[in-house]
Each structure stands twice: as C-alpha cells, then as structure tokens.
1. Exactly one condition in (1) closer than 20 Å to residue 298 by Cα; (2) part of a loop (DSSP other than H, G, I, E, B) is not met by residue 399; state its number.
2. Looking only at segment 106-119, count every residue that is free of Cβ contacts under 8 Å to residues at least 12 places away in the same chain and under 32 Å from the mean Cα position of the chain (by Cα) and tell me the total.
3. Considering only residues of segment 46-62 that are out of contact with any helix residue (DSSP H, G or I) (no Cβ under 6 Å at 6 or more places or on another chain) and small (Gly, Ala, Ser), which is surrounded by the fewest Cβ atoms within 10 Å (Cβ to Cβ)?
4. Does at least one position in segment 166-182 carry a residue that is surrounded by fewer than 16 Cβ atoms within 10 Å (Cβ to Cβ), part of a helix (DSSP H, G or I) and among the small types (Gly, Ala, Ser)?
5. For a quick check of your reading of the model, give me the residue pairs whose first member lies in segment 394-413 and is modelled with pLDDT under 90, whose second is small (Gly, Ala, Ser), with beta-carbon atoms closer than 6 Å and at least 6 apart or on different chains.
6. Within the bounds of segment 374-383, is there any residue that is assigned by TED's automatic domain parsing to the domain that holds residue 160, surrounded by 20 or more Cβ atoms within 10 Å (Cβ to Cβ) and in contact with a Leu (Cβ under 7 Å, 6 or more places away or on another chain)?
7. Out of the residues in segment 148-184 meeting the condition of being at pLDDT below 95 and among the charged types (D, E, K, R), tell me which one is farthest from the chain's Cα centre (by Cα).
8. Quick one: residue 354 ticks every box in (1) free of Cβ contacts under 8 Å to residues at least 60 places away in the same chain; (2) under 28 Å from residue 234 (Cβ atoms) bar one, so which box is it?
Amino acid sequence: MKMTPPTITPNAEPKPFSMDAQEVVRGLRGAFSELLLSIGADPSTPGSISEHLGLNKNLAWKISKIIGSDDTAAALDQMPGPPGIKILLKGIEKAKAERPLVQVARDAISEYERLIAVHSGDRATMEMMGSGLATRGQQARDEQHRKLLYQGASYVWGAQASTLLKVGVMLPGRTPGCADFATINAFIDFRRIRPDVTWIMSRRTSKNDDQRSGRVFACEPIDPNFAGDDMAPLMGDFCSDPLPELRRVEEDHAMTFELTEGRVGNTGALTCVAGTIHRDLPMYRTPDNTRGNNTARCEIPAELMIVDMLYHRDLHIETQPTVALYSDVSGMSSTHVRTRLQLNEQLIDLGISNNPAPTPEYPRYRSLIQAVLSRTGNDYSEFHAYRMKIAYPAYPTALEFDYKLPDPPEAQS
C-alpha cells in the first residue's frame, strides 16, 4: 500500500487534540513500518532495525515500540527527541530506501512536530496531555507525575513524610441513634526541609449531605494520658521519643494541632500519631440526610498515603463506599465536580477478619489498631475494613469516602 503525505489546510480550525494525536501516531507507525519493510528490516525486532539503519539499540527499540504499540500515549512517549530524529533520518538516507517512502516518513515526523506546536508548545506538556489517551498503565503514569510534584512540593513547602496514615473507625455511639467516629492521623518519618517550618498535624471533619461540614462534634482523645484541654490528642506510645512538640490552634469551624519549628532532615525526623473519638454523629438516614461522608486530607508531601475505613457491622452499612479525590487548595474541600481530580487507584476491600491487614509500611499498624479498639471496647472482627493506598499523593487534596446511611430501626423492621 502506497502512503501519501498528510494534507495540512492553512488557517483551518485545529482538530481536537485526541483526534489529531491519534492520526499523527497512525501516520508515524505506517510510515516507519512501510519504510523498514522496503529495506528488508523487521519492524517488530529492534535488532533488525538497528542492523539495517545503523541505529543504537535504544533508538531502534523506541522505533519498534512506536510501530508495535496500539496505545497512542505509549507511542508519543517513545518518540525520539530532535537528536534522535536526526540520527534516524540519516540512517534512513544511508539505507537508500525509496525516495517516496523517505518523504512519507519525513512528512510524518513533520506532522508530529506540528502536533506539538499547535496543541502544547513543548514536548513535555504534550506527553502529559497524551497521558489522557492511554489505554493501559494509567496508574503508573499518574504516579510518575505525582512523584515530581512530591519533590517540588517538599522543597517549596519545606517538609515531607515517608508515610501519611489515616484511619477512621465508625461504630455505634453511646447515644441512641448516633454513631461515634474514631480517627487516627499519623505522620510517619516527618522531616523538615527548613528549620522555621511548622506544620498542621491533624485537621479532620465529618459531614453528610445536608452540608453541615462546619459542625464540630464532641470529641475526646483516644489516649487518656492526653486528655487535658490544652493537650494535643497524641497517642504517646506510637509517637517518636521524645514526643513531638505540638501547638493547639482553635478556629471557627475546626480544631488543629501543629508541629513546631525544629531541626531539619534525618536528625530532626519524627513520627507523630494523634487520635480522637468524635461523638454523636448522625447514624441513620432522614429525608434531608441520606448519605455519610468522611474526609481524609493529604496534609503534607508524602511518599505514600494509606487511608483505612472500618465500619462496624451494627451500623448496617450494606454497600461499599465510593471514593473520590478532590482539590483542597482552599483548605476546605469541596465535592463539586469542578474540583474532582483523577483517581485511578482502586478501593481495596479488606473484608471482615480477625486481625488487621499486614501493613509493612508501618510495622506497628496492628498494635495501633488494637489500641484504638481497646479504647472503644470492640474487636476487629466486628468491622468491615476498606483501604486506599496512593503513592506520592498530590498535596493538597482530600479523599472522600461516601456511603449510604442506613435506615432507622423502625424502617428496617
């Protein structure tokens, strides 16, 4: 089949990026494949491409991947940079391929360069845009970009943590018709990049669909040793020694505890675990309030964020919660669709078990959960557990767990 160069209409309305990118990649694949076949090379074998065009193995491998991949994003990722394209064209010329086929290949490369000029202006941005066209490996792509964000945010904000652990435990409350909500906020291996940096360690709200997100429920520390009004609700046995120094800050609609200034890097590294029990949350659905919602904020640049939600069997939450990620740049997350972010990580259903799930990222996890349930008077086997794990979570964001509130007992009978 003879290929013809792409036609470019001057001053034409640009095509949508997705359509344009797919057409450009199809042109590249077809041009490279036909040219290689014409000189006796096997397009699927990097060694054959290297031998016939005199290319190094890495460049030959890229060309083979462009031809063989059916994923537009993957093909765009493998496209050589300007030096590589120049080497490729020289190899094509030396191979003495038919001139019409050489021209088709040059035109296909020109179309690729036009794609960048029209839609992004630079290759890095174009590849980010192209990620949305990926048919596989989207989670790995997200993680790659989030890692860059983690590194930059650590520098800009002046702090980071190896793991940010969040645990929520929903259980029947002491007040009839209400639920209690135990929360754990753990900054594991927190490090300052600059000595003057302070950091909010805990700020969590619980809300439902009547939008009373500003309501502050009665709460108490999980560890009774930190029950003083002016004391941060630390779980002392799980913090680093000496205990991190925290300041308590009360605001109109929230209560926060912040780490004070201190030493930088590994010599100032610390682990800070706080836990509270919020009392008397709405437990049953009403005509004006049908859904429960719990928020876990990514409050620091971190290598890993683990969020576990445990729902007691007596709450009769029958359906798996849905999870969504939202921007939290304003400091008060909104679940409006315009603030929703891409989330390709999947909710892990840990089910009902006699023991907490293995968590090698924090070896003391099992002891931590047992300490919480000992305080509430429960056994782990009474709960259905779910987990979200996000490598290099975007900061600042909020992870929302949303679930249908159960009907009141009279409606269940």
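The values are calculated or read from the model by the stated rules, or taken from the named source; none is laboratory data. Everything quoted here is computed from the prediction, not taken from an experiment. In this analysis, Cβ positions are derived from the backbone assuming ideal geometry, glycine residues included, and neighbour counts consider all displayed protein chains.
1. Of the numbered conditions (1) closer than 20 Å to residue 298 by Cα; (2) part of a loop (DSSP other than H, G, I, E, B), the odd one out for residue 399 is (2).
2. Step one: of segment 106-119, the residues free of Cβ contacts under 8 Å to residues at least 12 places away in the same chain are 110, 113, 116-117.
After this cut, where a residue has to be under 32 Å from the mean Cα position of the chain (by Cα) as well, the list is 113, 116-117.
The number of residues fulfilling the criteria is 3.
3. 47
4. So far as segment 166-182 goes, no, none of its residues is surrounded by fewer than 16 Cβ atoms within 10 Å (Cβ to Cβ), part of a helix (DSSP H, G or I) and among the small types (Gly, Ala, Ser).
5. 405/292
6. Here is the first cut: in segment 374-383, the ones assigned by TED's automatic domain parsing to the domain that holds residue 160 are 374-383.
Okay, now just the ones that are also surrounded by 20 or more Cβ atoms within 10 Å (Cβ to Cβ), so 383.
Then drop every residue that is not in contact with a Leu (Cβ under 7 Å, 6 or more places away or on another chain), which leaves 383.
Yes: one or more hits.
7. Checked segment 148-184; the qualifying residue farthest from the chain's Cα centre (by Cα) is 174.
8. So residue 354 meets the others, but not (2).
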